[in-house]
Amino acid sequence: MKFVDEFRDADKAHALAARIAALCEPGRQYKLMEVCGGHTHTIYKHGLEDYLPEQVTLVHGPGCPVCVIPMGRVDDAMALASDPDVIMTSFGDMMRVPGSNGSFFDAKARGTDIRMVYSPLDSLKIARQNPDKRVVFMAIGFETTAPSTAMTVLRAAAEGLTNFSIFCNHVTIIPAIKAILDSPDLRLDGFIGPGHVSTVIGCRPYEFIARDYGKPVVVAGFEPLDILQSIYMLMLQLANGQATIENQYSRVVPWDGNAVALRAIGQTMELRPYFEWRGLGFISHSALKVRDSYARFDAENLFPVPGVRVADPKACQCGEVLKGVLKPWECKVFGTACTPETPIGTCMVSPEGACAAYYNYGRLTRHRVREATTS
Amino acid sequence: MTTPDLDASPDGPASARWVEAALREHDAQAASEATRFEHRGSPQPLPGTVREELVLERIDRARRARPRVKEDRITMSHGAGGKATQTLIEALFLDAFRNPVLEPLEDAARLHVNGARVAMTTDSYVVSPLFFPGGDIGDLAVNGTVNDLSMAGATPLFLSAGFILEEGFPVADLARIAASMQAAARQAGVQVVTGDTKVVQKGKADGCYINTAGIGVIEHSINLGVAQARPGDVIMVSGPIGDHGITIMLARGELDIEADIYSDTAPLNGLVADLLAAAPGLHALRDATRGGVATILNEIATAAGVGVVVSEDDIPVRAVVRGASELLGIDPMYVACEGRLVAVVSPEYADNALAALRAHPLGAQAAVIGTVTAEPPGIVQLKTAFGGTRIVDLLVGDPLPRIC
Amino acid sequence: MCLGIPGEVIEFLPDQPDLARVDVSGVRRVINVGLLVDEKVEPGDWVLIHVGFALSKIDEDEAAAALQFLEGIGQAYEDELAALAESRIE
């Protein structure tokens, strides 16, 4: 596969790994946060951590937009879906996220009309084919996905569709990163920047991280070599005492982002004053809602939404895992009460969550793995 | 971060009852563990690696605990072939029917009937759409049952076919399905000797459901079963994986994806016969249906208490299956096949086995994908194409397309 | 949400300028290219596909440069390994 296979070459990986190791100061520990769920997934899926020296630890941040949706909002979505006139459409990632009373999957089992879609545009097709029903699209994702939702709303408006709306749960990445940076127990040396979010917002929004917090950021692609190269670039900055923003994913990410995408978002959506993030609490100006001018496509305007807050259980330590303070297996309920089948907190809820990724893929101490696979 | 006072109810935010229940259960479990392991307690914080080991041991214990079905309703996960299916079978069905013939939970039961060794199996087919590139529910039904018998090392002989038809289902379609079944049966050398027909009201049965049962005779002395896998055994697959599952996913039309791909449904009894003749050191055979190759590897590891190590580079996947999987964010290792087998062979016979597979048209692209190891028991590991390592666990639910 | 995959633009749909058919390793799907309206996208171009939309046009020059860097690293590594193998202290 072009633009994919070349970035999965094992030989080049060894070379990069050697360079990364050579850049480690003896006795110094390096903690690099990757913010994006897709990066977490690649790291575990390809066993990338095997290439890193012991001194370099990767910490998985809150870049999984499925994971950070509070249970209360899932309950709200289920309430919307339970309306017999409603067909709810959702990405696959959302189907297994549990609310207080089960997930979309469970609701489907009880007869609720919830359909999985690959693209928000597929919801429009369903709306056209079912004029007597009202289609509600569960809109989730960071700035990567928001433009697609926005374009879908614009298309619905152009077609004059009257039975389509979105339940908007789009969140924005910068406030989350800032919340991590402002956290008193922070111990991070640098960031592997989200590749596809940056396709939309560009690289400038990260400048405050270098300027105000003195941490380097390298915007990274999603193939294993992309991530390794980005780690190498971060280590180089750290070795030289630098803190700047670099774009490793330049084949896809334009420095200034995608103006058309940003315009589409701006036209149809605006920032909410605050939004609750599972594990991180309330963060101001961190999420999007539909603008008044498009209120006819806003499910929260068209339907009664319960809006009940459901607290994270006290035993849940997701907040600390998200900030890099705890590793997944250090959480007291990891693997026992909280597993991928019965996820309690955000980090286990989606396969990209740090705990789920670790449980599903990385769940062996390194030396045991080396024992078994080098024999 | 400010926390505005938004609580809708005067008592404060609600909390999910099922979470509280899960945590209470966990605390009770931890408390009973603590009393048992009190003497091991150490006041000093343990070094990182040792702590991680303890947590992993805790997880292993939790996973080995007696399976229990926690849900009070069946969900699609229970049919996906992964963890939920297994739990349902072990906790509910095995519990209800318990007997030594059922316990091994292999693809087919091995029976002794008046001195003859007979294998018996049953399967239900609920695929939608009924007709897809490469086949239809009829071929699937015949081939699936023929294959389950073949995996037991039996020569398939006779099939039953029970039909549950939806009111309004076109007779022409039924005729088409029956014709497919006869063609498949002829190709496999079996006969449909008995059957049943029921009709249910419109809205049930998705058009047509088929159940087939089959019997065959075991005419050699090789004892096949996933529990027979031994450290050092070689694991091979008979051809590229994931074709059927991806075909069905695309054929459903919801994803609007077109590709030149068709189901791999095929009867494997001829291939198995060749394999048995060439490799008496065959330990296990499984066809990679629901849950895919990954599920079978886990079944081997768990049943035999061994480790399994496979190499991503060696697993054959067609480019178009790979493309569709990448696009949808699915792992082909978990995608169903309907005409592929996984064989576990003792090392002395590995070369013969591979040659025998490759000599047969259905095994032309057979490949060695990995080995059985002694450690760590019950775990399947993948050496990624990139050179790293990761675990391949049992699936939780259906492989759903992801966007993230 | 991160899953973006590179695909090649095959053709535009005749009556709908916003829609193009793309190919990913032999798998084809119609996607919306409206987000790239400011760029000139032509059949043969590669785009990044995410939930049925093209998010960005892949810059083949940058891709080549990225690969060249990686080749360089790989080659330097090979050279070093070779040098290591050849050098003898005794």
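Derivation of every value follows stated rules applied to the coordinates shown; laboratory data play no part. Nothing here was measured: the structure is a model prediction, and the numbers come from that model. Backbone-built Cβ (ideal geometry, glycine too); neighbour counts: all protein chains shown.
Please order A:121, B:92 by the number of other Cβ within 10 Å, starting at the fewest. Provide the component values of the computation, followed by the final result.
On the way: A:121 23, B:92 14.
By the 10 Å Cβ count, ascending, the order reads B:92, A:121.
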Excluding same-chain residues fewer than 8 positions from residue A:133, which aspartates and glutamates have a Cα within less than 12 Å of its Cα? A:83, A:85, A:113
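Rounded to the nearest 500, what is chain A's calculated 222 nm mean residue ellipticity when only DSSP H runs of at least 4 contribute -39500 (n - 2.57) each, over all residues?
Details: 16 runs with 138 residues, N = 375.
Rounded to the nearest 500, the figure is -10000 deg cm²/dmol.
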So, in nm, how far is label residue A:305 from label residue B:160 when the simple model puts each one 7 Å beyond its Cα toward the Cβ? 5.4 nm
Comparing A:100, A:123, A:284 in a Gaussian network model of chain A (Cα, 10 Å), the one with the largest mean-square fluctuation is A:100
For chain A, take the alpha-carbon Rg, divide it by the Kirkwood Rh, and send me Rg/Rh. 0.98
Estimated Rh, segment B:148-278: Kirkwood, alpha-carbon pairs, angstrom: 17.7 Å
Candidates per trypsin sites (Lys or Arg not before Pro) in segment A:97-132, loop by DSSP, up to 15 other Cβ within 10 Å: A:110
In nanometres, what is the gap between the two model label sites at residue A:132 and residue B:114, each 7 Å from Cα along Cα-to-Cβ? 6.0 nm
Mind checking the mean number of beta-carbon atoms from other chains within 10 Å of the Cβ atoms in A:93-104? 4
HN-Hα couplings for segment A:95-107 via Karplus (6.51, -1.76, 1.60; θ = phi - 60°), in whole Hz with x for Gly/Pro, come out as 5, 9, 6, x, x, 5, 10, x, 10, 4, 4, 5, 5
I'd like the FRET efficiency for residue B:375 and residue A:255, computed as 1/(1 + (r/R0)^6) with the beta carbon distance as r and R0 of 45 Å, rounded to 0.05. 0.35
Where labels lie 7 Å past Cα in the beta-carbon direction, separation of residue B:68 and residue A:110 in nm: 2.2 nm
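Give me Rg over Rh for chain B, both radii from the alpha carbons and Rh done the Kirkwood way, two decimal places. Can you show the working numbers first?
Numbers: Rg = 23.5 Å, Rh = 23.3 Å.
Radius of gyration over Kirkwood radius for chain B works out to 1.01.
At R0 = 35 Å, how high is the FRET efficiency between residue B:319 and residue B:27 if r is their beta carbon distance? Nearest 0.05 is fine.
Efficiency for this residue pair is about 0.10.
Taking a threshold of 23 Å on the Cα-Cα distance, which of the pairs A:12/A:45; A:289/A:314; A:327/B:83; B:70/B:204 fall above it? Kindly include the intermediate steps, with their values, before the conclusion.
Values: A:12/A:45 18 Å; A:289/A:314 29 Å; A:327/B:83 25 Å; B:70/B:204 27 Å.
Those over the limit are A:289/A:314; A:327/B:83; B:70/B:204.
Counting other C-beta atoms within 10 Å, which of A:12, B:202, A:289 has the fewest, and how do the rest follow? The partial results should precede the final answer.
Details: A:12 25, B:202 9, A:289 18.
Going from sparsest to densest Cβ surroundings: B:202, A:289, A:12.
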Compactness ratio of segment A:182-311: Cα Rg over 2.2 N^0.38 Å, N = residue count? 1.30
Among all stretches of chain B without exposed GluC sites (Glu not before Pro) (DSSP loop, at most 13 other Cβ atoms within 10 Å), which one is longest? B:220-404
In units of 2.2 N^0.38 Å, the Cα radius of gyration of segment A:277-353 is 1.41
Residue mean of other protein chain beta carbons inside 10 Å, B:317-326: 5
Compare the peptides C:19-26, B:93-100 by average per-residue count of other Cβ atoms within 10 angstrom and give them in order, highest first. C:19-26, B:93-100
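What is the average number of partner chain Cβ atoms found within 10 Å of a Cβ in B:301-307?
So the per-residue partner count for this stretch is 1.
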Could you tell me how many degrees, from 0 to 90 and to the nearest 10, lie between the Cα long axis of helix A:120-129 and the main elongation axis, the longest principal axis, of the Cα atoms of chain A? 20 degrees
Give the angle, between 0 and 90 degrees and rounded to the nearest 10, that separates the Cα long axis of helix B:17-36 from the longest principal axis of the Cα atoms of chain B. 70 degrees
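Give the dimensionless ratio obtained when the Cα radius of gyration of segment A:1-122 is divided by 2.2 N^0.38 Å. Could the numbers behind the result be given before it?
Numbers: Rg = 20.6 Å, N = 122, 2.2 N^0.38 = 13.7 Å.
So segment A:1-122 has a normalised radius of gyration of 1.51.
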By how many degrees, between 0 and 90 and to the nearest 10, does the Cα long axis of helix B:319-328 differ from the longest principal axis of chain B? 40 degrees
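When you have a sec, figure out the Kirkwood radius of the protein assembly as shown from all distinct Cα pair distances and drop it here in Å to one decimal? Mind dumping the intermediate values first?
Values: mean 1/r = 0.0351 Å⁻¹.
Every distinct Cα pair counted, the radius reaches 28.5 Å.
I'd like the FRET efficiency for residue C:11 and residue B:175, computed as 1/(1 + (r/R0)^6) with the beta carbon distance as r and R0 of 56 Å, rounded to 0.05. Intermediate values should be presented prior to the final figure.
Details: r = 39 Å, r/R0 = 0.70.
My answer for the efficiency is 0.90.
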Tabulate in residue order the Karplus-calculated ³J(HN,Hα) for segment A:187-194, using 6.51 cos²θ - 1.76 cosθ + 1.60 with θ = phi - 60°, rounded to whole Hz; enter x for Gly and Pro. 9, 10, 9, x, 10, 8, x, x
Starting at the first residue of segment B:257-270, write each ³J(HN,Hα) from the Karplus equation 6.51 cos²θ - 1.76 cosθ + 1.60 with θ = phi - 60°, in whole Hz, x for Gly and Pro. 10, 10, 7, 7, 9, 9, 5, 9, 4, 6, x, 9, 4, x
